Amino acid sequence: MEGFAFVHREPVRFNDLDGMGHINNAIFSTYLEQARLAWFGDDGRMPQEDVILARLEIDFRAPGALGPDVEIGVRPSRMGTKSFELEYELRQGDTLVAQARSVLVGYDYVRGESIEIPERWRRRLSG
(Lines give C-alpha, C1' and ligand atoms only; values in the text may rest on other atoms or scores of the structure.)
Protein backbone atom coordinates (compact mmCIF):
# COMPACT_ATOMS: atom_id res chain seq x y z
CA MET A 1 0.00 0.00 0.00
CA GLU A 2 1.66 3.18 -1.20
CA GLY A 3 2.86 5.52 1.56
CA PHE A 4 2.34 2.99 4.35
CA ALA A 5 5.28 0.93 5.59
CA PHE A 6 2.94 -1.07 7.86
CA VAL A 7 -0.12 -2.87 6.50
CA HIS A 8 -2.44 -5.11 8.53
CA ARG A 9 -4.95 -7.46 6.90
CA GLU A 10 -8.37 -8.25 8.35
CA PRO A 11 -10.66 -10.93 6.90
CA VAL A 12 -14.24 -9.87 6.27
CA ARG A 13 -16.54 -12.11 8.29
CA PHE A 14 -20.19 -12.74 7.44
CA ASN A 15 -21.25 -11.10 10.73
CA ASP A 16 -19.36 -7.92 9.68
CA LEU A 17 -22.06 -7.24 7.08
CA ASP A 18 -25.20 -5.15 7.37
CA GLY A 19 -28.57 -5.87 5.81
CA MET A 20 -27.40 -4.48 2.47
CA GLY A 21 -24.44 -6.87 2.34
CA HIS A 22 -21.93 -4.07 3.01
CA ILE A 23 -19.36 -4.00 5.79
CA ASN A 24 -21.24 -2.33 8.65
CA ASN A 25 -19.84 1.12 9.47
CA ALA A 26 -19.41 0.18 13.15
CA ILE A 27 -17.11 -2.71 12.18
CA PHE A 28 -14.54 -0.29 10.76
CA SER A 29 -13.60 0.83 14.28
CA THR A 30 -12.85 -2.83 15.14
CA TYR A 31 -10.68 -3.18 12.01
CA LEU A 32 -8.82 -0.01 13.00
CA GLU A 33 -8.31 -1.26 16.56
CA GLN A 34 -6.89 -4.56 15.32
CA ALA A 35 -4.55 -2.72 12.94
CA ARG A 36 -3.48 -0.33 15.70
CA LEU A 37 -2.72 -3.24 18.06
CA ALA A 38 -0.69 -4.97 15.35
CA TRP A 39 1.18 -1.71 14.60
CA PHE A 40 2.01 -1.28 18.32
CA GLY A 41 3.62 -4.74 18.19
CA ASP A 42 4.33 -7.19 20.97
CA ASP A 43 6.97 -6.21 23.50
CA GLY A 44 5.63 -8.57 26.16
CA ARG A 45 3.46 -5.88 27.75
CA MET A 46 -0.18 -5.06 27.28
CA PRO A 47 -0.07 -3.09 24.00
CA GLN A 48 -2.09 -0.11 25.13
CA GLU A 49 -1.58 -0.18 28.90
CA ASP A 50 -0.19 3.37 28.91
CA VAL A 51 -2.18 5.06 26.14
CA ILE A 52 -5.87 5.69 25.64
CA LEU A 53 -7.86 6.37 22.48
CA ALA A 54 -9.14 9.95 22.67
CA ARG A 55 -10.52 10.45 19.16
CA LEU A 56 -11.38 8.41 16.09
CA GLU A 57 -12.51 9.87 12.76
CA ILE A 58 -13.54 7.72 9.81
CA ASP A 59 -14.30 8.97 6.31
CA PHE A 60 -16.15 6.30 4.35
CA ARG A 61 -15.22 6.31 0.66
CA ALA A 62 -16.88 3.19 -0.80
CA PRO A 63 -18.85 0.23 0.53
CA GLY A 64 -16.88 -2.89 1.43
CA ALA A 65 -18.32 -6.37 1.00
CA LEU A 66 -17.71 -10.03 1.70
CA GLY A 67 -14.65 -11.03 -0.30
CA PRO A 68 -11.03 -9.97 -0.19
CA ASP A 69 -9.40 -9.04 3.13
CA VAL A 70 -9.46 -5.39 4.13
CA GLU A 71 -5.90 -4.04 4.05
CA ILE A 72 -5.27 -1.33 6.63
CA GLY A 73 -2.24 0.92 6.28
CA VAL A 74 -1.14 2.57 9.54
CA ARG A 75 1.36 5.41 9.94
CA PRO A 76 2.12 8.06 12.55
CA SER A 77 1.27 11.59 11.47
CA ARG A 78 1.93 13.73 14.55
CA MET A 79 3.66 13.42 17.89
CA GLY A 80 3.17 15.91 20.70
CA THR A 81 4.16 15.81 24.35
CA LYS A 82 1.14 13.89 25.64
CA SER A 83 -0.61 12.76 22.47
CA PHE A 84 0.04 11.41 19.00
CA GLU A 85 -1.96 10.78 15.86
CA LEU A 86 -2.12 7.81 13.53
CA GLU A 87 -3.48 7.86 9.97
CA TYR A 88 -5.09 4.89 8.29
CA GLU A 89 -6.11 3.88 4.81
CA LEU A 90 -8.44 0.92 4.34
CA ARG A 91 -8.58 -0.86 1.00
CA GLN A 92 -10.38 -3.90 -0.28
CA GLY A 93 -8.64 -5.01 -3.44
CA ASP A 94 -8.03 -1.85 -5.47
CA THR A 95 -10.90 0.02 -3.82
CA LEU A 96 -10.31 2.67 -1.18
CA VAL A 97 -13.13 1.98 1.28
CA ALA A 98 -12.19 4.38 4.10
CA GLN A 99 -9.60 6.75 5.52
CA ALA A 100 -9.26 7.39 9.23
CA ARG A 101 -7.34 9.25 11.89
CA SER A 102 -6.96 8.55 15.60
CA VAL A 103 -5.58 10.53 18.51
CA LEU A 104 -4.00 8.57 21.34
CA VAL A 105 -2.97 10.08 24.66
CA GLY A 106 -0.38 8.86 27.14
CA TYR A 107 -2.44 7.73 30.12
CA ASP A 108 -1.89 6.47 33.65
CA TYR A 109 -4.87 4.21 34.39
CA VAL A 110 -4.07 3.98 38.12
CA ARG A 111 -4.06 7.75 38.64
CA GLY A 112 -6.69 8.36 35.96
CA GLU A 113 -4.78 11.14 34.21
CA SER A 114 -2.85 11.93 31.07
CA ILE A 115 0.93 11.57 31.05
CA GLU A 116 3.70 12.29 28.59
CA ILE A 117 3.93 9.78 25.76
CA PRO A 118 5.94 6.86 27.16
CA GLU A 119 9.42 6.37 25.73
CA ARG A 120 8.55 3.00 24.17
CA TRP A 121 5.92 4.72 22.03
CA ARG A 122 8.23 7.65 21.19
CA ARG A 123 10.71 5.12 19.81
CA ARG A 124 7.95 3.35 17.83
CA LEU A 125 6.63 6.63 16.45
CA SER A 126 10.11 7.76 15.39
CA GLY A 127 11.13 4.44 13.85
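Given a cut-off of under 8 Å on Cα pairs at least six residues apart, what relative contact order in percent is computed for the chain?
Relative contact order here is 26 percent.
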Integer Hz, Karplus 6.51/-1.76/1.60 couplings in order for the stretch 82-89, x for Gly and Pro: 10, 9, 8, 10, 10, 10, 9, 10
For the stretch 3-127, the percent of accessible surface on carbon and sulfur atoms (probe 1.4 angstrom, ligands and nucleic acids excluded) is 49 percent
With +1 on each Lys and Arg Cβ and -1 on each Asp and Glu Cβ, and nothing else charged, work out how big the dipole of the chain is about its Cα centre, in Debye to the nearest 20. 260 debye
Cβ crowding within 10 Å averaged over residues, with 14-23, 29-38, 59-68 ranked highest first: 29-38, 59-68, 14-23
Skip the ligands, DNA and RNA, and give the accessible area per residue of the stretch 21-127 with a 1.4 Å probe, whole Å². 52 Å²
Average projected area [Cα convex hull, the chain], square nanometres: 8.3 nm²
Per-residue ellipticity at 222 nm attributable to helices in the chain (runs of n ≥ 4 DSSP H, -39500 (n - 2.57) apiece, nearest 500 deg cm²/dmol) works out to -6000 deg cm²/dmol
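The values are calculated or read from the model by the stated rules, or taken from the named source; none is laboratory data. The structure presented is a predicted model; accordingly, all values stated were derived computationally and were not measured. Here the Cβ is made from the backbone with ideal geometry for all residues, glycine too, and neighbour counts use every protein chain on show. These accessible areas exclude ligands, DNA and RNA; they are computed on the full protein's heavy atoms, side chains included. Shrake-Rupley method; radii C 1.70, N 1.55, O 1.52, S 1.80 Å.
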